[in-house]
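The values are calculated or read from the model by the stated rules, or taken from the named source; none is laboratory data. Given the structure is predicted, the values throughout are model-derived calculations rather than measurements. Cβ: placed from backbone, ideal geometry, glycine included. Neighbour counts: every protein chain shown.
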Amino acid sequence: MTNDEALMLAFQRGSREAFDELFARYRGPLYGFFRRRLDSDERAEDLTQETFLVVIRATERYAPRALVRTYLYAIALKLASAERRKQAARPRPMPIEETAEQASEDSPEETVWVRQAIGRLEEREREILMLREYEQLSYTEIAELMRIPVNTVRSRLFRSRMALKNHLQPEARPAQAAAHTGRTGKEKEGVQ
C-alpha cells in the first residue's frame, strides 16, 4: 500500500489515480470530522468536498513538511471555524433546548449526554478532545495542526477530559467534596 505522502506527490505530478486513492481514504474521516461539529449532514458533505477542492487548488504549493493527514485536517479545521463564524452570525431558528429534545428522540440517551457534555467544554478544550478521540490524531499531529507545543496538547487534553468527566457525572461532585472533607451532606447542613 502506498503511503499518503507518496500519493500526494504523485497527484502533484498529475496522477488522477493518486488523488482518487487519497479521496477514498479520507472522504469518510473528513465527513465524520465535519458532522461531529455541525448540525447539518449537507453542510458536512459540502465542507468535505471543499476540503478536497482546496487540496486540488493548492496542489502546486504542497510541500511534504507534515503528514498528509495533518495537512487535510488543518484545511478542515479552518473550514469548520469559518462555518462556525457564519453560523454564529446568522439568527438561530430554534432554541438549543428544542434541538436537544429532538436529538434525544433520534439518539440513545448516552449519546445525547456525551454530545451535551462535549458542547459545554470551552472551544479549545472541545477541539483538542475531538481531534484526539474522534479523529485519532497523535499528540504531535494535534500540536502541528493547532501550532502549539506537544506538552500544551497534553495538558489541555487532560483538562478537557477532566471537564468532560465533571459534566458527565455532576451528581458525583457533592459526594466527592464531602469525601475530601470527611463530612457527609447531612453533617454539612448541621444534621447529625
Got a sec? Which of T152, T140, T99 is over 25 Å from Y26 (Cβ atoms), modelled with pLDDT of 80 or more and over 14 Å from the mean Cα position of the chain (by Cα)? T152
Say we look at the stretch 34-53 and pick out the residues that are surrounded by fewer than 14 Cβ atoms within 10 Å (Cβ to Cβ) and of a type in the set (D, E); which of these is farthest from E133 (Cα to Cα)? E42
Does the stretch 1-56 hold any residues that are aliphatic (A, V, I, L, M), touching a helix residue (DSSP H, G or I) at 6+ places or on another chain (Cβ under 6 Å) and assigned to a helix (DSSP H, G or I), and which are they? L7, M8, A10, A18, L22, L30, A44, L47, V54
Restricting to the stretch 11-33, name every residue that is more than 13 Å from V55 (Cβ to Cβ), hydrophobic (A, V, I, L, M, F, W, C) and surrounded by 14 or more Cβ atoms within 10 Å (Cβ to Cβ). F33
Looking at the stretch 57-82 only, could you name the residues that are hydroxyl-bearing (S, T, Y) and not in a helix (DSSP H, G or I)? Y62
